[in-house]
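Structure record follows, encoded as structure tokens.
The values are calculated or read from the model by the stated rules, or taken from the named source; none is laboratory data. The structure displayed is predicted, hence computed values, not measured ones. Cβ: placed from backbone, ideal geometry, glycine included. Neighbour counts: every protein chain shown.
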Amino acid sequence: MPHIHFPDHYKVPFDGSFLLSNSSSVPEADIDDNAIQKKSLKKALQKANDRLYELQRVLYAHNRYSLLLIFQAMDAAGKDSTIRTVMRGVNPAGCQVFSFKQPSSEELDHDFLWRSARRLPERGRIGIFNRSYYEEVLVVRVHPEYLGNQNLLQTPDTEEFWQHRFDSIRDHEKHLARNGTVIIKFWLNVSKDEQKKRFIERLDNPEKNWKFSSSDVKERQHWDKYMDCYQSLLNETSRAHAPWYAIPADNKPYMRLQVAKTIIETLESMDVFYPDAEQKTVVRFDEIRKQLATED
């Protein structure tokens, strides 16, 4: 398995000791939500965008590794805007974004990893999952009735069932890592109070009305159960080859910068480079240059 250095900041430990109660802290200097602080964070993110553009070009040219970014969060945490803002400027030819919503009848006729496995990034590319197979140990664990359409062999109302799903996810990610897919997983950790604030903003701002769904408020009623499921899945599946990062999400500019820095530091640690031209082509450079120079 290739050695990749994943940054430590906000990384969920691999020993099962992660607690949600300790995961929402932001450095004091970054809590202030004033205009000067926002401007500073946005300026830093613009520099990060430029660096990410350079690194993505090398990844694409090297064509040995792929990078898979997984984003999970409660509603209104800012997944869409974070993906859009952090990846701004990256060459679309080398980046793919997929959102996983309610599964289709075809998808339900396969195992729960099938639909996302079809969307994995090719070598040299960055793939982004906006939600992912982790919904299968999250929303369906909160709502086990959703499993009724999956024609399962195993009874889903036992702890053993969920442990088997965690086993499958860990095995899947280990297989991907062994074969050159570098995996970074982000949980954007928005607080319940901040989510309420953003829901009200969607109601009050006509330009954001389209974002509001009554089902979002309905799911909010299951907040504590969702938090239990998040803590479980983070502890069960944060591993050295596929770490989770629990990023505080109440301050959006701060959160986006932390996501960008994590991606950049990971890419910088990878053994990627612009490949040399084939020697048989290099020896003909002078000949080809003269040929081009003498064209009519």
_First in the stretch 112-126 and in contact (Cβ under 8 Å) with a residue 60 or more places away in the chain, second anywhere and surrounded by 15 or more Cβ atoms within 10 Å (Cβ to Cβ) and among the β-branched types (Val, Ile, Thr), Cβ under 8 Å, 6 or more apart_ = LEU120/THR181; PRO121/THR181; ILE126/VAL90
*Residues satisfying the stated conditions in the stretch 72-112, i.e. among the basic types (Lys, Arg), closer than 20 Å to ARG256 by Cβ and in a loop (DSSP other than H, G, I, E, B)*: ARG88
*Would you check which residues across the stretch 105-158 are under 23 Å from LEU69 (Cβ atoms) and small (Gly, Ala, Ser) and list them?*
SER116, ALA117, GLY124, GLY127, SER132
*Out of all the residues in the stretch 104-128, which are over 22 Å from ASP171 (Cα atoms), out of contact with any strand residue (DSSP E or B) (no Cβ under 9 Å at 6 or more places or on another chain) and either surrounded by 14 or more Cβ atoms within 10 Å (Cβ to Cβ) or among the charged types (D, E, K, R) (or both)?*
GLU106
_Qualifying positions in the stretch 166-196 - of a type in the set (Ser, Thr, Tyr) and either without any contact (Cβ under 8 Å) to a residue 40 or more places away in the chain or over 30 Å from ASP216 (Cβ atoms) (or both)_ = THR181
*Looking at (1) out of contact with any helix residue (DSSP H, G or I) (no Cβ under 6 Å at 6 or more places or on another chain); (2) among the β-branched types (Val, Ile, Thr); (3) more than 30 Å from LYS43 (Cβ to Cβ); (4) buried (at least 17 other Cβ atoms within 10 Å of the Cβ), which is the one condition that is false for THR237?*
(1)
*Determine if the stretch 119-127 includes at least one residue that is assigned to a strand (DSSP E or B) and either modelled with pLDDT of 95 or more or farther than 22 Å from LEU233 by Cα (or both).*
yes
*LYS11 surrounded by 12 or more Cβ atoms within 10 Å (Cβ to Cβ) and either acidic (Asp, Glu) or at pLDDT 95 or above (or both)*: yes
*Please name all residue pairs, on different chains or six or more residues apart, with Cβ atoms under 7 Å, provided the first residue is in the stretch 37-61 and is more than 27 Å from GLY124 (Cβ to Cβ) and the second residue is part of a helix (DSSP H, G or I).*
LYS38/PRO253; LEU41/PRO253; LEU41/TYR254; LEU41/LEU257; LYS42/PRO253; ALA44/LEU257
*Check the stretch 153-163 and report whether any residue there is surrounded by 12 or more Cβ atoms within 10 Å (Cβ to Cβ) and under 20 Å from the mean Cα position of the chain (by Cα).*
no
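Look through TYR65, TYR146 and report the one residue that is at pLDDT 95 or above, among the hydroxyl-bearing types (Ser, Thr, Tyr) and in contact with a helix residue (DSSP H, G or I) (Cβ under 9 Å, 6 or more places away or on another chain).
Among TYR65, TYR146, only TYR65 is at pLDDT 95 or above, among the hydroxyl-bearing types (Ser, Thr, Tyr) and in contact with a helix residue (DSSP H, G or I) (Cβ under 9 Å, 6 or more places away or on another chain).
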*Residue among LYS174, LYS211 that alone is in contact with a helix residue (DSSP H, G or I) (Cβ under 8 Å, 6 or more places away or on another chain), surrounded by fewer than 17 Cβ atoms within 10 Å (Cβ to Cβ) and of a type outside the set (A, V, I, L, M, F, W, C)*: LYS211
*When you scan the stretch 197-232, how many residues do you find that are in a helix (DSSP H, G or I), more than 18 Å from ASP80 (Cα to Cα) and either touching a residue at least 12 places away in the same chain (Cβ under 8 Å) or of a type in the set (D, E, K, R) (or both)?*
15
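So if I check each of PHE161, PHE100, which one is modelled with pLDDT under 95, under 30 Å from SER81 (Cβ atoms) and among the hydrophobic types (A, V, I, L, M, F, W, C)?
PHE100
Considering each of ILE184, ILE169, ILE247 in turn, give the residue that is buried (at least 18 other Cβ atoms within 10 Å of the Cβ), closer than 17 Å to VAL137 by Cβ and among the β-branched types (Val, Ile, Thr).
ILE169
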*Determine whether the stretch 184-193 contains at least one residue that is of a type in the set (S, T, N, Q), closer than 19 Å to PRO253 by Cα and not in a helix (DSSP H, G or I).*
yes
